[in-house]
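K.L.:
Let me give you the structure first, and then I'll get to my questions.
Rule-based calculations on the coordinates, nothing more; no lab input. The structure presented is a predicted model; accordingly, all values stated were derived computationally and were not measured. Counting neighbours? That spans all protein chains shown, and the Cβs are built from the backbone with ideal geometry, glycine included.
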Amino acid sequence: MLDDELRELYQEVILDHQQDPRNFGPMQHPTHHAEGFNPLCGDRIRLELDMDGDRIRQMSFTGAGCAISTASASLMTEALTGKTRAEAEAVSQEFRDLVTGKLRDTEGSEAIDISRLGELSVLASVQQFPVRVKCVTLAWHTLEAALTAKKQVPISTE
Ligand code: ZN
């Protein structure tokens, strides 16, 4: 369990990104995009990427959702801008394993050093709230859809 001080800090980061989301707004000429929807909560996101070959030059998102989904999208754009597709996919996999509790050992503590996920680790606490896991992973599922195809139908977490 997180101690209270840490929990408070995490809340602050999430609120900060919800109130002032980074990389929010439409892009002029995205090379890749995808839309995602989480019907459980009503979160909607449109993610746009500007890929320079294999590297993510720029990422932005629009849409409306709860604090967790917005903060997760905002933190994701900060974490992945400048990364290659393979690097982004590796972070995405690790992040989704983290928030779904797959990285926990039998004692219930994180089996890896989550600090290497940087600010993204503030979202680890959602694994205690299964409904919120859909909110926190929406942007990441949408990223995967955006990276794998230029044109696709809107994805849903259901
Ligand atoms: Zn939500």
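K.L.:
Mean shadow of the chain, computed from the convex hull of its alpha carbons, in nm²?
P.N.:
Values: hull surface 35.5 nm².
Value for the chain: 8.9 nm².
K.L.:
May I ask you to sort PHE61, PHE24, PHE37 by Cβ crowding, counting other Cβ atoms within 10 Å and putting the fewest first?
P.N.:
Ordered from fewest to most neighbouring Cβ atoms within 10 Å, PHE61, PHE24, PHE37 come out as PHE24, PHE37, PHE61.
K.L.:
If we count every other residue with Cβ under 13 angstrom of PRO26's Cβ, Lys/Arg +1 and Asp/Glu -1, where does the sum land?
P.N.:
Result for the neighbourhood of PRO26: -2.
K.L.:
Here is a further query. When the helices in the chain are scored as -39500 (n - 2.57) per DSSP H run of 4 or longer and the sum is shared across all residues, what 222 nm value do you end up with, to the nearest 500 deg cm²/dmol?
P.N.:
Calculated mean residue ellipticity at 222 nm is -13500 deg cm²/dmol.
K.L.:
Compute the relative contact order of the stretch 1-100 as a whole-number percentage, counting only Cα pairs closer than 8 Å that sit 6 or more residues apart in sequence.
P.N.:
26 percent
K.L.:
Here is a further query. Give the long-range amide H neighbours of GLY63: residues separated by 5 or more places, or on another chain, with amide H under 5 Å away, using H modelled in the peptide plane at 1.01 Å from N.
P.N.:
Close amide H contacts, sequence-distant or interchain: ARG46.
K.L.:
Quick check: net charge around TRP140, other residues with Cβ under 12 Å of its Cβ, Lys/Arg +1 and Asp/Glu -1?
P.N.:
For residues surrounding TRP140, the net value is -2.
K.L.:
Could I ask something else about it? Could you work out which residue, out of GLY36, GLY118, GLY65, moves most in a Gaussian network model of the chain, that is, has the largest mean-square fluctuation with Cα springs under 10 Å?
P.N.:
Result: GLY118 has the largest fluctuation of those listed.
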